[in-house]
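Student: One structure, as structure tokens, below. Some questions next.
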Amino acid sequence: MKRTIAALILIAVVAAAGPACGAAPQIRHISADLQKAVAATDYGSVRIKSFPFASEAWTFRKFTFAETLKKLQELGVGAIEAFPGQALAAELPGAKFDENMTDEQVAFAKEALKASGVTLYGYGVVDIGRTEASMRKVFDFARKMGIRVLVCEPADDDFTLLEKLVKEYAIKIAIHNHPAPSKYNLPETVFSHVDGKDPRIGSCADSGHWMRGMNDPREAFKLLAGRILDVHLKDRSDFGTGKGVDDVAWGSGKGRIRDLLAELTLQDYDGYLTMEYENESEAGDPMPAFRKSIAYVKSVTYYDGYAQILRRGWSGYEKYGWNHYGPGYFECDPKTGVLKGQGGMGLLWNGKKVRDFVLECEFKCSTPTTNSGIFLRVPEVPVSDDYITHSIEIQIDDTSTGIHHTGAAYDIEAPKALASRPTGEWNHMRIEFKGMRLKVDLNGKTVLDWNAHPGGKVRDLSPEGYIGLQNHDSQSPPFFRNVYLKEL
């Protein structure tokens, strides 16, 4: 459902020049409702997912494109967003990286990218012009270079032509937000232009420029939920543009970087965290700030080293890589990624065998009698119900007791504690299976810490196998979301 701009009522407007000397910055709020929504979000409790790092090439504007790639290789940063006009290489005097490059220069850039192992994912901020010919020139260049995101600030309000080209080329358009007098300086202006458009038209969310305009970037990110296609992540020493207000390393300024990472996690943003560091005094050596920024993000990332095994594809969340055995099925909500069990008793299993691992997910019971489970190390592709005698099931059943209660190794080992949340609330479960040592934490409390062995219905165990989620019936279905796996 579209959100109307009428709901985005401005409740405070402050000049972009920032606060008077010595006065506290007066942040401009998009709307009272959005301000309340941010205040009500418990960002501190969000388990932050892992995001890949990239650099806007402008960070290294004092260097050539070829030199920038070598610096990113040194940093271990695997992606770049190029900007038009950067010198291409010292050995090619006068050559610049842009859509006017010759075939020889394009070949040189591609070879430099290949040699560095850096992916060219984006290009901008680029002037795409107003005509179809000018736009096609940029889109053709993007296709030639393998660029997936074009960052721009379109001059026209009518995006009909842009939508046509986005669909034809399957290349994304991300609207950037330079400060005023840019027409897209306000988050609600960006929203008004992308709302209802093709999902490949969205926002390049530049948190630092919103801070320059006295906007809380958390409100901007939340307003544009589902439409953020690219992020120029910046931290600044303060809001506004006053003397001494500069870009700083992530986590060391007033930009609430952890909150922004939490908001992006809640939105399940699947793009890069792109650093654009603009301080002229440090443009000759932005490497220290980049290293500090990466270290900060890694220090607050919960799911570092995990793979999200219930993923979002182009058309939304899907059960790609998963298979189903037996009666019933799991519905997957393409917008939220929530799995809902229906019918039963069957098994949705992930099509990759794993040995030692950590599995984390959230589950919710629809009624007090919800019955489900998570199967570990299913040794072979399930073709009969026999898999239940060769694998461990971590039980989900708040009504039963002992070896059949939530957190139990079903039919073998009872949980040490009862830690389930009330019916209808989400629970977080962490399962670590290393060798035959099996540890289960439920909502932060260890409920099982056990040397796994056969027993009850289980005749034998395998050192590796598939992971599966059980659907039991349609009257009291289980729900699952945020399924992450780390192989040890």
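The values are calculated or read from the model by the stated rules, or taken from the named source; none is laboratory data. Keep in mind it's a predicted model, so treat the numbers as computed, not measured. When we count neighbours, we look across all protein chains shown, and the Cβ atoms used for this are built from the backbone with ideal geometry, even at glycine.
Student: Within the stretch 394-412, is even one residue in contact (Cβ under 8 Å) with a residue 60 or more places away in the chain, hydrophobic (A, V, I, L, M, F, W, C) and touching a strand residue (DSSP E or B) at 6+ places or on another chain (Cβ under 9 Å)? Let's see the steps before the verdict.
Tutor: From the stretch 394-412, those in contact (Cβ under 8 Å) with a residue 60 or more places away in the chain are 396; that's our starting set.
From what's left, hydrophobic (A, V, I, L, M, F, W, C): 396.
Restricting the remaining residues to those that are touching a strand residue (DSSP E or B) at 6+ places or on another chain (Cβ under 9 Å) gives 396.
Taking every residue of the stretch 394-412 in turn, at least one turns out to be in contact (Cβ under 8 Å) with a residue 60 or more places away in the chain, hydrophobic (A, V, I, L, M, F, W, C) and touching a strand residue (DSSP E or B) at 6+ places or on another chain (Cβ under 9 Å).
Student: One residue is enough: does the stretch 442-455 have a residue meeting the conditions on the phi > 0 side of the Ramachandran plot and of a type in the set (Asp, Glu)?
Tutor: No, that holds for no residue.
Student: Give all pairs with beta carbons closer than 9 Å in which a residue from the stretch 154-168 that is in the same structural domain as Phe191 (by TED's automatic domain parsing) meets a residue that is surrounded by fewer than 15 Cβ atoms within 10 Å (Cβ to Cβ) and in a loop (DSSP other than H, G, I, E, B); count only pairs at least 6 apart in sequence or on separate chains.
Tutor: Matching pairs, first to second residue: Pro154/Arg130; Ala155/Asp127; Ala155/Arg130; Asp156/Arg130; Leu161/Arg130; Leu161/Thr131; Leu162/Asp156.
Student: Among the residues of the stretch 299-310, are any in contact with a helix residue (DSSP H, G or I) (Cβ under 7 Å, 6 or more places away or on another chain) and not charged (D, E, K, R)? Step through it out loud before you land on a result.
Tutor: Step one: of the stretch 299-310, the residues in contact with a helix residue (DSSP H, G or I) (Cβ under 7 Å, 6 or more places away or on another chain) are 300, 304.
Filter again for not charged (D, E, K, R), leaving 300.
Looking through the stretch 299-310, at least one residue is in contact with a helix residue (DSSP H, G or I) (Cβ under 7 Å, 6 or more places away or on another chain) and not charged (D, E, K, R).
Student: Right, here's the next one. Name the single residue that is nearest to Val300 (Cα to Cα) among those in the stretch 208-260 being touching a helix residue (DSSP H, G or I) at 6+ places or on another chain (Cβ under 9 Å), of a type in the set (Lys, Arg) and not in a loop (DSSP other than H, G, I, E, B).
Tutor: This residue is Arg258.
Student: Among the residues of the stretch 261-286, which ones are at pLDDT below 95 and not in a loop (DSSP other than H, G, I, E, B)?
Tutor: Glu280, Ser281, Glu282
Student: Checking Leu69 against (1) touching a Leu at 6+ places or on another chain (Cβ under 9 Å); (2) at positive phi, which single condition isn't satisfied?
Tutor: Here Leu69 meets the rest and fails (2).
Student: For the stretch 209-225: of the residues being more than 17 Å from Asp268 (Cβ to Cβ), touching a residue at least 60 places away in the same chain (Cβ under 8 Å) and not polar (S, T, N, Q), which is surrounded by the most Cβ atoms within 10 Å (Cβ to Cβ)?
Tutor: Residues of the stretch 209-225 more than 17 Å from Asp268 (Cβ to Cβ): 209-217, 219-220.
Among the residues that remain, those that are also touching a residue at least 60 places away in the same chain (Cβ under 8 Å) are: 212-216, 219-220.
When the remaining residues are screened for being not polar (S, T, N, Q), the result is 212-214, 216, 219-220.
Numbers: Arg212: 23, Gly213: 24, Met214: 23, Asp216: 23, Glu219: 23, Ala220: 29.
Among those residues, the one meeting the criterion is Ala220.
Student: Can you tell me which residues in the stretch 308-341 are modelled with pLDDT of 95 or more and not in a loop (DSSP other than H, G, I, E, B)?
Tutor: Answer for the stretch 308-341, where residues must be modelled with pLDDT of 95 or more and not in a loop (DSSP other than H, G, I, E, B): Trp322, Asn323, His324, Tyr325, Tyr329, Phe330, Glu331, Cys332, Leu339, Lys340, Gly341.
Student: Could you please tell me which pairs satisfy a Cβ distance under 6 Å, a separation of 6+ or placement on different chains, a first residue in the stretch 103-116 that is in contact (Cβ under 8 Å) with a residue 40 or more places away in the chain, and a second residue that is surrounded by 17 or more Cβ atoms within 10 Å (Cβ to Cβ) and of a type outside the set (Gly, Ala, Ser)?
Tutor: Partner pairs satisfying both residue conditions: Ala112/Leu69; Leu113/Leu120; Ser116/Leu69.
Student: With (1) of a type outside the set (A, V, I, L, M); (2) in contact with a Ser or Thr (Cβ under 9 Å, 6 or more places away or on another chain); (3) surrounded by 13 or more Cβ atoms within 10 Å (Cβ to Cβ) as the list, and Lys137 as the residue in question, which single condition is left unmet?
Tutor: Lys137 satisfies every listed condition except (2).
Student: Here is a follow-up. With the checklist (1) more than 23 Å from Arg355 (Cα to Cα); (2) touching a helix residue (DSSP H, G or I) at 6+ places or on another chain (Cβ under 8 Å) in hand, flag the one item His472 doesn't pass.
Tutor: Every condition holds for His472 apart from (2).
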